[in-house]
Amino acid sequence: MSTVIQEASKRMQKVIDNLQNDFKKLRSGRAHPSLLDQVVVSYYGTDTPLAQVANVNVEDARTLSIVPWDKQMVPAIEKAIRVSDLGLNPATSGTVIRIPLPSLTEERRKDLVRVVKQESEQARVSIRNVRRDANTDIKAMLKDKTISEDDERRLEDQVQKLTDEFIATIDKLLSEKEHDLMSI
């Protein structure tokens with residue numbers, strides 16, 4: 001019986017982890033090395049994550065600096081950053097690539113908040129789908145007579161409590177990200 005709850009909990013935790021990763025990709029105007037996590041560089045014909053070919057550091061609150069391990073990679077890294085959908089414009093000085101992060105306009109901040117709300121709603125839907133699957137498994141166990149009706153109600157209550165906890169976590173993450181995006 002507890003395997004249904006454990007499986008639902010694991011799946012719901014994966015939804016939360018995915019949501020947190022999606023939130024990390026949205027930049028709030030502050031420099032953070034994880035902004036470049038999805039940038040892929042062509043490294044001698046192989047697509048390689050930027051973190052595997054260079055050091056990415058925070059120079060100040062609005063500037064990232066990238067120091068490639070192979071000096072010949074500077075143009076490839078610069079190109080990869082430009083073609084990424086991040087809207088960043090790298091500036092090269094010798095072997096160091098600096099990326100100034102422009103401050104976000106009020107309109108852009110509101111757009112990002114809208115995106116964050118949509119991602120949060122998708123996460124809530126995913127959590128509810130996990131709840132539905134768990135309840136279906138519980139009903140199947142009742143039908144197979146492996147659990148009693150009292151056990152069914154108890155398990156469904158546990159699944160609902162779990163769902164409520166994870167939805168509350170999503171709401172908390174959403175409010176934190178909204179605050180982060182709207183603060184200057």
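The values are calculated or read from the model by the stated rules, or taken from the named source; none is laboratory data. None of these values were measured; they are calculated from a predicted model. FYI the Cβ positions are ideal-geometry reconstructions off the backbone, even for glycines, and counts take in every protein chain you see.
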Handout entry: Hits in segment 108-141 (condition: over 19 Å from the mean Cα position of the chain (by Cα) and among the small types (Gly, Ala, Ser))
Key = 134, 140
Exercise for the section: Kindly indicate which of 42, 34 is loosely packed, with under 14 Cβ neighbours inside 10 Å, more than 19 Å from residue 108 (Cβ to Cβ) and among the small types (Gly, Ala, Ser). Expected result: 34
Practice task
Enumerate the pairs (first residue in segment 71-85 and in contact (Cβ under 8 Å) with a residue 40 or more places away in the chain; second residue anywhere and assigned to a helix (DSSP H, G or I) and not aromatic (Phe, Trp, Tyr)) with beta-carbon separation below 9 Å, excluding pairs fewer than 6 apart on the same chain, so at least 6 apart or on different chains.
Solution key: 80/50; 81/36; 81/50; 84/36
Exercise for the section: Out of the residues in segment 50-68 that are out of contact with any helix residue (DSSP H, G or I) (no Cβ under 9 Å at 6 or more places or on another chain) and over 15 Å from residue 92 (Cα atoms), state the one that is surrounded by the most Cβ atoms within 10 Å (Cβ to Cβ). Expected result: 62
Handout entry: Filter result for the condition that a residue is without any contact (Cβ under 8 Å) to a residue 60 or more places away in the chain and more than 21 Å from the chain's Cα centre (by Cα), over 97, 5
Key = 97
Practice task
Return the total of residues in segment 87-143 being at pLDDT below 85 and either buried (at least 17 other Cβ atoms within 10 Å of the Cβ) or farther than 30 Å from residue 59 by Cβ (or both).
Solution key: 5
Exercise for the section: Could you name every one of the strands (runs of 3 or more DSSP E) located completely within segment 1-111 that has at least 1 residues being of a type in the set (A, V, I, L, M) and touching a strand residue (DSSP E or B) at 6+ places or on another chain (Cβ under 7 Å)? Expected result: 40-43, 54-60, 63-68, 91-93, 96-100
Problem - residue 181 touching a residue at least 60 places away in the same chain (Cβ under 8 Å) and surrounded by 14 or more Cβ atoms within 10 Å (Cβ to Cβ) - result: yes
